[in-house]
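Notes follow once the structure below has been shown.
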Amino acid sequence: MEISVNGENKQVPDGYTAAQLVDAMGLTGGRIAMEVNLEIVPRSTYDSYTFNAGDKIEIVHAVGGG
Amino acid sequence: MTQVKQDTPLVIAGREYTSRLLVGSGKYKDNEETRLATEASGAEIVTVAIRRSNIGQNPDEPNLLDAIPPEKYTILPNTAGCYTAKDAVRTCKLARELLDGHDLVKLEVLGDEKTLFPDVIQTLKAAEELVKDGFKVMVYTSDDLLIAKELEDIGCVAVMPLAAPIGSGLGIRNPYNIRFIVEELKVPVLVDAGVGTASDAAVAMELGCDGVLMNTAIAAAQNPVLMASAMKKAIEAGREAYLAGRMPRKRYANASSPLDGTFF
(Lines give C-alpha, C1' and ligand atoms only; values in the text may rest on other atoms or scores of the structure.)
Protein backbone atom coordinates (compact mmCIF):
# COMPACT_ATOMS: atom_id res chain seq x y z
CA MET A 1 0.00 0.00 0.00
CA GLU A 2 1.02 3.62 -0.43
CA ILE A 3 1.40 6.11 2.40
CA SER A 4 2.72 9.66 2.40
CA VAL A 5 5.61 10.45 4.73
CA ASN A 6 6.56 14.11 5.07
CA GLY A 7 5.10 14.82 1.66
CA GLU A 8 6.79 11.90 -0.13
CA ASN A 9 4.90 8.81 -1.26
CA LYS A 10 6.21 5.52 0.04
CA GLN A 11 5.30 1.88 -0.67
CA VAL A 12 5.00 -0.21 2.49
CA PRO A 13 3.61 -3.67 3.26
CA ASP A 14 0.19 -4.08 4.85
CA GLY A 15 0.29 -3.89 8.62
CA TYR A 16 3.29 -1.56 8.55
CA THR A 17 3.65 0.01 11.99
CA ALA A 18 4.73 3.45 13.17
CA ALA A 19 7.68 1.80 14.94
CA GLN A 20 8.81 0.18 11.66
CA LEU A 21 8.67 3.50 9.83
CA VAL A 22 10.59 5.32 12.55
CA ASP A 23 13.18 2.56 12.48
CA ALA A 24 13.47 2.70 8.68
CA MET A 25 14.12 6.43 8.98
CA GLY A 26 16.85 5.85 11.55
CA LEU A 27 14.95 7.87 14.12
CA THR A 28 14.25 5.23 16.77
CA GLY A 29 14.65 6.68 20.23
CA GLY A 30 15.02 10.21 18.84
CA ARG A 31 13.15 13.26 20.02
CA ILE A 32 10.45 13.26 17.36
CA ALA A 33 6.69 13.61 17.10
CA MET A 34 4.29 12.00 14.64
CA GLU A 35 1.01 13.11 13.19
CA VAL A 36 -1.22 10.89 11.00
CA ASN A 37 -4.02 12.60 9.09
CA LEU A 38 -3.69 15.61 11.42
CA GLU A 39 -3.97 13.49 14.60
CA ILE A 40 -1.07 13.06 17.02
CA VAL A 41 0.25 9.51 17.42
CA PRO A 42 1.79 9.22 20.91
CA ARG A 43 5.31 7.78 20.94
CA SER A 44 4.26 5.12 23.43
CA THR A 45 1.90 3.62 20.82
CA TYR A 46 4.33 3.34 17.86
CA ASP A 47 4.70 -0.44 18.27
CA SER A 48 1.01 -1.15 17.94
CA TYR A 49 0.00 1.66 15.56
CA THR A 50 -0.55 0.33 12.04
CA PHE A 51 -0.94 2.56 9.00
CA ASN A 52 -3.72 2.42 6.43
CA ALA A 53 -3.37 3.03 2.71
CA GLY A 54 -3.42 6.74 1.93
CA ASP A 55 -2.35 7.85 5.40
CA LYS A 56 -0.65 11.23 5.48
CA ILE A 57 2.15 11.05 8.00
CA GLU A 58 4.26 13.90 9.33
CA ILE A 59 7.32 13.24 11.46
CA VAL A 60 8.94 16.31 13.02
CA HIS A 61 11.77 17.30 15.32
CA ALA A 62 13.11 20.48 16.89
CA VAL A 63 15.41 22.74 14.86
CA GLY A 64 16.95 26.12 15.56
CA GLY A 65 14.40 28.92 15.55
CA GLY A 66 13.55 32.24 17.12
CA MET B 1 22.16 54.43 52.91
CA THR B 2 19.55 53.67 50.31
CA GLN B 3 18.85 49.98 50.03
CA VAL B 4 19.43 48.30 46.71
CA LYS B 5 15.95 47.55 45.46
CA GLN B 6 15.50 43.80 45.29
CA ASP B 7 14.14 42.55 42.00
CA THR B 8 11.45 39.92 41.92
CA PRO B 9 11.82 36.93 39.61
CA LEU B 10 10.10 36.81 36.24
CA VAL B 11 7.12 34.49 36.63
CA ILE B 12 5.71 32.83 33.52
CA ALA B 13 2.92 30.29 33.86
CA GLY B 14 3.69 29.89 37.56
CA ARG B 15 7.39 29.21 37.08
CA GLU B 16 10.09 31.59 38.31
CA TYR B 17 13.01 32.67 36.14
CA THR B 18 16.05 34.69 37.20
CA SER B 19 17.03 35.73 33.69
CA ARG B 20 14.86 38.19 31.81
CA LEU B 21 16.56 37.43 28.52
CA LEU B 22 14.94 34.77 26.35
CA VAL B 23 16.82 33.61 23.28
CA GLY B 24 16.13 31.88 20.01
CA SER B 25 18.27 29.05 18.64
CA GLY B 26 18.06 29.88 14.93
CA LYS B 27 20.66 31.10 12.42
CA TYR B 28 23.75 29.85 14.28
CA LYS B 29 26.72 28.38 12.41
CA ASP B 30 26.41 25.04 14.21
CA ASN B 31 25.14 23.44 17.40
CA GLU B 32 28.34 24.28 19.24
CA GLU B 33 27.92 27.99 18.56
CA THR B 34 24.28 27.70 19.65
CA ARG B 35 25.39 26.05 22.88
CA LEU B 36 28.08 28.63 23.66
CA ALA B 37 25.95 31.67 22.83
CA THR B 38 23.00 30.35 24.81
CA GLU B 39 25.23 29.72 27.78
CA ALA B 40 26.80 33.20 27.56
CA SER B 41 23.36 34.82 27.38
CA GLY B 42 22.38 33.36 30.73
CA ALA B 43 18.94 32.69 29.26
CA GLU B 44 16.77 30.03 30.87
CA ILE B 45 14.12 29.93 28.15
CA VAL B 46 15.16 29.02 24.59
CA THR B 47 12.91 28.91 21.55
CA VAL B 48 13.02 26.18 18.92
CA ALA B 49 11.13 25.60 15.68
CA ILE B 50 9.36 22.39 14.65
CA ARG B 51 10.19 20.99 11.22
CA ARG B 52 10.01 17.79 9.22
CA SER B 53 12.56 15.08 9.93
CA ASN B 54 13.74 14.40 6.41
CA ILE B 55 13.76 10.97 4.91
CA GLY B 56 17.32 9.86 4.36
CA GLN B 57 18.57 12.43 6.83
CA ASN B 58 21.90 11.55 8.36
CA PRO B 59 20.91 9.84 11.62
CA ASP B 60 24.24 10.86 13.15
CA GLU B 61 23.49 14.54 12.59
CA PRO B 62 23.69 16.19 16.00
CA ASN B 63 20.33 16.98 17.55
CA LEU B 64 19.68 20.59 18.55
CA LEU B 65 18.27 19.41 21.88
CA ASP B 66 21.67 17.94 22.74
CA ALA B 67 23.11 21.48 22.55
CA ILE B 68 20.25 22.98 24.57
CA PRO B 69 19.03 20.07 26.70
CA PRO B 70 15.47 20.34 28.04
CA GLU B 71 16.84 19.25 31.44
CA LYS B 72 18.81 22.50 31.59
CA TYR B 73 16.63 24.97 29.67
CA THR B 74 12.92 25.60 29.37
CA ILE B 75 12.36 24.81 25.70
CA LEU B 76 9.86 27.12 24.07
CA PRO B 77 8.64 25.67 20.76
CA ASN B 78 7.42 28.30 18.34
CA THR B 79 4.95 28.29 15.49
CA ALA B 80 7.24 30.25 13.18
CA GLY B 81 6.29 29.98 9.54
CA CYS B 82 2.59 29.46 10.26
CA TYR B 83 0.17 31.73 8.41
CA THR B 84 -3.07 30.22 9.72
CA ALA B 85 -4.48 29.48 13.17
CA LYS B 86 -4.96 25.87 12.07
CA ASP B 87 -1.27 25.30 11.25
CA ALA B 88 -0.20 27.04 14.46
CA VAL B 89 -2.42 24.80 16.58
CA ARG B 90 -1.14 21.70 14.74
CA THR B 91 2.45 22.77 15.35
CA CYS B 92 1.82 23.27 19.07
CA LYS B 93 0.26 19.84 19.41
CA LEU B 94 3.25 18.22 17.69
CA ALA B 95 5.59 20.21 19.93
CA ARG B 96 3.78 19.05 23.06
CA GLU B 97 4.14 15.45 21.96
CA LEU B 98 7.79 16.02 21.04
CA LEU B 99 8.56 17.50 24.46
CA ASP B 100 6.72 14.87 26.49
CA GLY B 101 3.69 16.96 27.38
CA HIS B 102 5.49 20.25 27.99
CA ASP B 103 2.78 22.79 27.20
CA LEU B 104 4.52 26.19 27.15
CA VAL B 105 4.51 27.48 23.57
CA LYS B 106 5.34 30.61 21.64
CA LEU B 107 2.45 31.38 19.34
CA GLU B 108 3.12 33.41 16.24
CA VAL B 109 0.87 33.56 13.22
CA LEU B 110 2.35 35.60 10.43
CA GLY B 111 0.40 37.66 7.96
CA ASP B 112 2.88 39.06 5.50
CA GLU B 113 6.08 37.64 4.06
CA LYS B 114 7.89 40.92 3.61
CA THR B 115 7.41 42.36 7.09
CA LEU B 116 6.60 39.11 8.95
CA PHE B 117 4.02 41.18 10.80
CA PRO B 118 1.63 39.04 12.81
CA ASP B 119 -1.87 38.28 11.55
CA VAL B 120 -3.59 39.30 14.76
CA ILE B 121 -6.97 37.90 13.72
CA GLN B 122 -5.54 34.41 13.19
CA THR B 123 -3.40 34.89 16.31
CA LEU B 124 -6.47 35.58 18.46
CA LYS B 125 -8.22 32.53 17.00
CA ALA B 126 -5.26 30.24 17.63
CA ALA B 127 -4.70 31.62 21.14
CA GLU B 128 -8.28 30.88 22.08
CA GLU B 129 -8.09 27.32 20.82
CA LEU B 130 -4.71 26.63 22.44
CA VAL B 131 -5.69 28.04 25.84
CA LYS B 132 -8.84 25.89 25.74
CA ASP B 133 -6.66 22.87 25.02
CA GLY B 134 -4.52 23.54 28.10
CA PHE B 135 -1.50 25.20 26.47
CA LYS B 136 0.39 27.98 28.23
CA VAL B 137 0.64 30.50 25.46
CA MET B 138 3.30 33.19 25.11
CA VAL B 139 2.08 35.19 22.19
CA TYR B 140 3.91 37.26 19.60
CA THR B 141 1.79 40.19 18.48
CA SER B 142 1.84 43.73 17.13
CA ASP B 143 2.38 46.67 19.48
CA ASP B 144 -1.37 47.32 19.54
CA LEU B 145 -2.67 47.80 23.08
CA LEU B 146 -6.21 46.61 22.40
CA ILE B 147 -5.07 43.37 20.77
CA ALA B 148 -2.57 42.84 23.60
CA LYS B 149 -5.36 43.21 26.18
CA GLU B 150 -7.59 40.85 24.24
CA LEU B 151 -4.81 38.23 24.22
CA GLU B 152 -4.43 38.65 27.97
CA ASP B 153 -8.20 38.26 28.44
CA ILE B 154 -8.14 35.04 26.39
CA GLY B 155 -5.68 33.64 28.93
CA CYS B 156 -2.23 33.95 27.35
CA VAL B 157 0.50 33.70 30.00
CA ALA B 158 2.70 36.38 28.39
CA VAL B 159 2.16 38.95 25.68
CA MET B 160 5.12 39.70 23.39
CA PRO B 161 4.78 42.74 21.17
CA LEU B 162 7.31 43.32 18.42
CA ALA B 163 9.67 46.29 18.69
CA ALA B 164 10.41 46.20 14.95
CA PRO B 165 10.06 43.55 12.22
CA ILE B 166 11.54 40.12 12.99
CA GLY B 167 15.25 39.98 12.16
CA SER B 168 15.39 43.69 11.22
CA GLY B 169 17.53 44.87 14.13
CA LEU B 170 15.88 48.29 13.95
CA GLY B 171 15.42 48.63 17.71
CA ILE B 172 12.41 49.92 19.64
CA ARG B 173 10.48 51.78 16.92
CA ASN B 174 7.54 52.84 19.06
CA PRO B 175 8.45 53.03 22.74
CA TYR B 176 5.15 54.74 23.58
CA ASN B 177 3.08 51.81 22.34
CA ILE B 178 5.28 49.34 24.24
CA ARG B 179 4.86 51.49 27.34
CA PHE B 180 1.05 51.52 27.00
CA ILE B 181 1.03 47.72 26.88
CA VAL B 182 3.40 47.44 29.86
CA GLU B 183 1.17 49.77 31.90
CA GLU B 184 -2.13 48.12 31.09
CA LEU B 185 -1.41 44.39 31.22
CA LYS B 186 -1.05 42.21 34.29
CA VAL B 187 0.68 39.27 32.58
CA PRO B 188 4.38 39.62 31.71
CA VAL B 189 5.08 41.77 28.66
CA LEU B 190 8.19 40.89 26.68
CA VAL B 191 9.56 42.59 23.61
CA ASP B 192 9.90 39.93 20.94
CA ALA B 193 11.66 40.83 17.70
CA GLY B 194 13.41 43.90 16.43
CA VAL B 195 16.28 44.29 18.89
CA GLY B 196 19.57 44.95 17.07
CA THR B 197 22.16 45.58 19.74
CA ALA B 198 22.62 45.82 23.49
CA SER B 199 21.30 49.38 23.88
CA ASP B 200 18.00 48.33 22.25
CA ALA B 201 17.58 45.60 24.85
CA ALA B 202 18.34 48.08 27.63
CA VAL B 203 15.74 50.51 26.26
CA ALA B 204 13.10 47.77 26.26
CA MET B 205 13.85 46.98 29.88
CA GLU B 206 13.93 50.68 30.86
CA LEU B 207 10.41 50.95 29.44
CA GLY B 208 9.36 48.43 32.08
CA CYS B 209 9.17 45.30 29.96
CA ASP B 210 9.41 42.09 31.95
CA GLY B 211 11.87 40.61 29.50
CA VAL B 212 13.12 40.50 25.94
CA LEU B 213 13.15 37.61 23.47
CA MET B 214 15.74 37.84 20.72
CA ASN B 215 17.51 35.64 18.19
CA THR B 216 19.05 37.42 15.20
CA ALA B 217 20.64 40.21 17.27
CA ILE B 218 22.87 37.56 18.85
CA ALA B 219 23.15 34.96 16.07
CA ALA B 220 23.91 37.48 13.30
CA ALA B 221 26.50 39.43 15.30
CA GLN B 222 30.11 39.09 14.12
CA ASN B 223 30.84 37.39 17.43
CA PRO B 224 27.59 35.82 18.65
CA VAL B 225 28.99 34.57 21.96
CA LEU B 226 30.30 38.03 22.89
CA MET B 227 27.02 39.65 21.84
CA ALA B 228 25.12 37.14 23.98
CA SER B 229 27.18 38.27 26.95
CA ALA B 230 26.54 41.94 26.06
CA MET B 231 22.81 41.29 25.87
CA LYS B 232 22.82 39.64 29.27
CA LYS B 233 24.39 42.75 30.78
CA ALA B 234 22.12 45.12 28.85
CA ILE B 235 19.01 43.34 30.10
CA GLU B 236 20.28 43.52 33.67
CA ALA B 237 21.33 47.17 33.32
CA GLY B 238 18.03 48.17 31.75
CA ARG B 239 16.08 46.36 34.43
CA GLU B 240 18.04 48.00 37.24
CA ALA B 241 17.64 51.42 35.63
CA TYR B 242 13.89 50.84 35.41
CA LEU B 243 13.71 49.82 39.06
CA ALA B 244 15.94 52.73 40.08
CA GLY B 245 13.66 55.22 38.31
CA ARG B 246 15.35 57.60 35.95
CA MET B 247 15.79 61.34 36.57
CA PRO B 248 13.32 63.66 34.91
CA ARG B 249 14.33 65.05 31.54
CA LYS B 250 15.05 68.80 31.51
CA ARG B 251 15.59 71.10 28.57
CA TYR B 252 18.38 73.15 30.17
CA ALA B 253 21.54 72.37 32.08
CA ASN B 254 21.70 71.93 35.82
CA ALA B 255 25.26 72.14 37.22
CA SER B 256 26.48 69.07 39.05
CA SER B 257 29.10 70.98 41.05
CA PRO B 258 28.04 73.44 43.78
CA LEU B 259 27.87 77.13 42.83
CA ASP B 260 28.67 78.22 46.42
CA GLY B 261 32.34 78.64 47.36
CA THR B 262 33.69 79.55 43.97
CA PHE B 263 36.83 81.71 44.37
CA PHE B 264 36.89 83.34 40.97
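The values are calculated or read from the model by the stated rules, or taken from the named source; none is laboratory data. Since we're looking at a predicted model, the values are computed, not measured. Positions of Cβ are backbone-derived with ideal geometry, glycine not excepted, and every protein chain shown enters the neighbour counts. These accessible areas exclude ligands, DNA and RNA; they are computed on the full protein's heavy atoms, side chains included. Shrake-Rupley method; radii C 1.70, N 1.55, O 1.52, S 1.80 Å.
Below is a table of values for the structure above.
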| quantity | calculated |
| --- | --- |
| Partner chain coverage, peptide B:96-105 - average Cβ within 10 angstrom | 3 |
| Solvent-accessible area per residue, Å², over the protein assembly as shown with all protein chains present [probe radius 1.4 Å] | 51 |
| Hull shadow area, averaged, the range B:131-172 [alpha-carbon convex hull, nm²] | 3.2 |
| Over the range A:2-61, relative contact order from alpha-carbon pairs under 8 Å, at least 6 apart, % | 50 |
| Helix-only CD estimate at 222 nm, as mean residue ellipticity for the protein assembly as shown, using -39500 (n - 2.57) per DSSP H run (n ≥ 4) | -9500 deg cm²/dmol |
| Reference-scaled alpha-carbon Rg (2.2 N^0.38 Å with N residues) for the protein assembly as shown | 1.14 |
| For B:Thr47, residues with placed amide H under 5 Å, excluding near neighbours | B:Val23, B:Gly24, B:Ser25, B:Leu76 |
| Nitroxide proxy distance, nm - points 7 Å out along Cα→Cβ at B:Lys149 and B:Ala241 | 2.9 |
| For the range B:216-224, Karplus couplings with θ = phi - 60° (6.51, -1.76, 1.60), whole Hz, Gly/Pro x | 4, 4, 8, 5, 9, 6, 4, 10, x |
| Computed P(r) (all Cα pairs; the range B:136-264; 10 Å bins; percent) | 13, 37, 28, 12, 6, 3, 1 |
| Residue-by-residue Karplus 3J(HN,Hα) for the range A:25-40, coefficients 6.51, -1.76, 1.60, Hz, glycine and proline x | 8, x, 10, 4, x, x, 7, 10, 9, 10, 10, 10, 6, 6, 10, 5 |
| Heavy atoms of B:Arg90 accessible to a 1.4 Å probe, total area in Å² rounded to 10 | 70 |
| B versus A: buried accessible surface, summed, Å² (probe 1.4 Å, to nearest 100) | 2500 |
| For chain B, the fraction of alpha-carbon pairs in successive 10 Å shells from zero, as % | 7, 29, 35, 18, 6, 3, 2, 0, 0 |
| Charge dipole of the protein assembly as shown about the Cα centre (unit charges at C-beta), most positive-ward option of B:Pro9, B:Ala234, B:Phe117 | B:Ala234 |
| For the range A:2-61, alpha-carbon Rg over 2.2 N^0.38 Å | 0.98 |
